[in-house]
Amino acid sequence: LTPEIKQYYSDQKKYSKRKFNICDIEQIKENVLDSNLFFLGDFHTFDQNIRNVLRIIKVILSNNSNCAIGLEMISSKFQSYVDAYMDHHITDLEFLELINYNESWRFPWSHYKLVFDLAKKH
């Protein structure tokens, strides 16, 4: 393992043990719907994180609210490729190659594809 990966695992372990405030899903929904902007942080390798992101996006969509999604993994210089992908003009593989996904991100595409698929649907 590289020193960076070892540090990532160490940080992940440390942060997962911190004290959390417990709230129920209704409280989260209310806070999300009352917000104009919110940021979600996650450990990119945990499957549960992406499921939570999808749940929150679905809360917004179920309230007939407009939603814009920004992801740190894609540079703004690739927006034209995002647009082409969202409009079904390029395939997953073409999109990933055009945005240099494997060189710039390296986390499982299968997690983020779910966000893109939901966005495409809506």
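Over all directions, the projected convex hull of the C-alpha atoms in the chain averages 9.0 nm² in area. For the peptides 86-96, 17-27, residues were scored by their other Cβ atoms within 10 Å and the scores averaged per peptide; the highest-first order is 86-96, 17-27.
Each label point was placed 7 Å from the Cα along the Cα-to-Cβ direction; for Leu40 and Lys14 their separation is 2.6 nm. Charging the Cβ of each Asp and Glu at -1 and of each Lys and Arg at +1, and nothing else, the dipole of the chain about its Cα centre rounds to 560 debye.
What percent does the relative contact order of the chain come to when contacts are Cα pairs within less than 8 Å and at least six residues apart?
22 percent.
Hey, any idea what % of the chain's accessible area is carbon plus sulfur with a 1.4 Å probe? With neighbouring chains kept in place, the figure for the chain is 52 percent.
When you restrict to C-alpha pairs under 8 Å that are six or more residues apart and normalise by the size of the range 73-122, the relative contact order lands at 41 percent.
Rolling a 1.4 Å probe across the protein heavy atoms gives the range 1-115 an accessible surface of 76 Å² per residue.
Too long at a 30 Å Cα-Cα cut-off: which of Lys19/Lys58; Lys77/Lys121; Lys14/Lys77; Lys6/Lys113; Lys17/Lys58?
On the way: Lys19/Lys58 27 Å; Lys77/Lys121 24 Å; Lys14/Lys77 34 Å; Lys6/Lys113 26 Å; Lys17/Lys58 28 Å.
Violating the 30 Å limit, Cα to Cα: Lys14/Lys77.
Determine which residues of the range 22-48 fall in the zone a paramagnetic label at Lys58 would reach in this model, i.e. backbone nitrogen under 18 Å from the point 7 Å along Cα→Cβ. Within reach of a label on Lys58: 24-33, 47-48. In a GNM of the chain with a 10 Å cut-off on Cα contacts, which of Tyr101, Tyr15, Tyr85 has the highest mean-square fluctuation? Between Tyr101, Tyr15, Tyr85, it is Tyr15 that shows the largest mean-square fluctuation.
The values are calculated or read from the model by the stated rules, or taken from the named source; none is laboratory data. None of the values given here were measured: they were computed from a predicted structure. For neighbour counting, all protein chains shown are included, and Cβ atoms are generated from backbone atoms with ideal geometry for every residue, glycine included. In case anyone asks, the SASA skips ligands and DNA or RNA and just uses the protein heavy atoms, side chains included. Shrake-Rupley method; radii C 1.70, N 1.55, O 1.52, S 1.80 Å.
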